[in-house]
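What follows is calculated from the coordinates using simple rules that are stated; it is not laboratory data. Fair warning: this is a prediction, and the values are worked out from it, not measured in the lab. Cβ: placed from backbone, ideal geometry, glycine included. Neighbour counts: every protein chain shown.
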């Protein structure tokens, strides 16, 4: 740092500290007092601290708040006022984001650690004078010049060991204290960012390109360590919103937004992006590219690196390399891939069929295009799970394309995830777990992969771990109904009913028109043995989606548990004696309490690979857990042990 910049930075800190209790003190005010332009101020702060001006001022405010928490008994609201935060909620949010805990928790930890240090370092107490005696210490006798100094007693081995142990404890506590309270300038929690849908300013036919550019930008940002990027399934609803940046950020639980505009014409493209501090609706960084369409990836890559830099995220060498590596060098192949991804989004049968055409074209143009193979594998898997006809024709292509993607790019997280899904539906649990773990190593910020892994852990009986991963998935994709439904299921199976109720209260506001939503609430009531309420929820499922056959099965189960077996028996009479109905029959017999018939159909289901979901933990079959025949079914399905996840 040169002398001029050092002097300016010192003056900057003085000015900020003088006005630190003024929440309305602005960047313009700071520039006026320093005699710098906004660009000059940005250059000074960015070069010397790595922060933008807004973030640096907030950082100073947070340090002030931290000091007040350590040295005063002021309430959090008073500290917020004295450190320049508009509300105590703002202080709490930014404090937790930076230091990893709330202000109240920090104060408690600080007090506890100080007390520990005080107790360890406390000197030996002087003898207490006798009761009623003088509190003043007796004067020391004068030293005699001719006196021979009394030799010091040597410490015994026990005393040395004790003193050494005390010193080690003291040093350990000091180290713990310093690591907790001194080295906290860098954020302890990931910075949260949402990439909003980019606006297509060209013709309607280029919408796919705008969507694809946004998706590619999102994917690259998910690679950045310490950056939490919200999934696009949660951000897509803000394409035409009138909500303010602060409202959007509040709903998504983020601090920053990345917005963009894309125009494509005559093999050229114009892309403008802005990084916005949502609470203040302030642009922290912006840039525009205009040039040949074939060079767009370089700009997207540069955008990801610039955003990481603006948010003070350090890139590892591996991440920096991955950010600069294009998925393909063939421009036409990339265009076909973007079209396929665009068609894949809604997961309709026509969309899946069309996306396969585009992915095949991309592969024909570039046979080394790993992402195209992974996307094709995912498409075939979705054909298996979305109910668009028999799944058998899609299983082998899904596996083949996933393996090809991995051969071309061993770090392709989605390819490993598709393989894991295929292993899961085949009850190959060990392979599934291993593949999910590899997928998450390369794509830890993928909400979908975290969710898939969570429901696999639930199947294996690892319900607390399942909650951990579905919590991660929900944090990355907070508005996705399927992920919230799965998370509520995990909480319910883990008997964490208070958390499940809280999630249900939030989801009822957002997803009341989704049939599967009432499936989650119905199972919650089943676990509470409130069968009438559960049946009412399953009836709502049936009303919203009458084509799904499992809803009447669950209604019949509840009726049987309520002492009305007629509905259950009538449904059994209506079910065809086909393998795809074995699981349904087992579920109804479970409601009737008929263990022998229930086990018979579970055994038949195990033989044909058609068993109820979450058999090991399902509340429907808990009455069978001590039955040797049930344990045999679990063994046949590979579910008899928990060792697979350890």
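At-a-glance table
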| read-out | value |
| --- | --- |
| Helix-derived mean residue ellipticity, 222 nm - over the chain, DSSP H n ≥ 4, -39500 (n - 2.57), to 500 | -19500 deg cm²/dmol |
| Average silhouette area of the stretch 432-495, convex hull of alpha-carbon atoms, in square nanometres | 3.7 nm² |
| Normalised per residue, the volume of the convex hull around the Cα set of the chain (Å³) | 270 Å³ |
| Spread of Cα-to-Cα distances over 10 Å intervals beginning at zero, given as percent, for the stretch 317-378 | 26, 46, 24, 5, 0 |
| Relative contact order computed over the stretch 563-646 (Cα-Cα under 8 Å; 6+ residues apart), in percent | 24 percent |
| Debye intensity ratio I(q)/I(0), log10, the stretch 327-425, q values 0.14, 0.17, 0.25 Å⁻¹ (C-alpha model) | -0.45, -0.66, -1.33 |
| Rounded tilt (10° steps) of 582-592 against the dominant C-alpha axis of the chain | 70 degrees |
| Sorted peptide list for 481-490, 628-637, criterion being average Cβ within 10 angstrom, highest first | 481-490, 628-637 |
| Rel. contact order, % - alpha carbon contacts under 8 angstrom, at least six apart, the chain | 7 percent |
| Shape box of the stretch 191-325 [Cα atoms, principal axes, largest first, Å] | 40, 38, 24 |
| Gap separating the Cα centres of the stretch 481-542 and the stretch 72-104, nearest whole Å | 35 Å |
| On Cα atoms only, tilt of 53-71 relative to the major axis of the chain in degrees | 60 degrees |
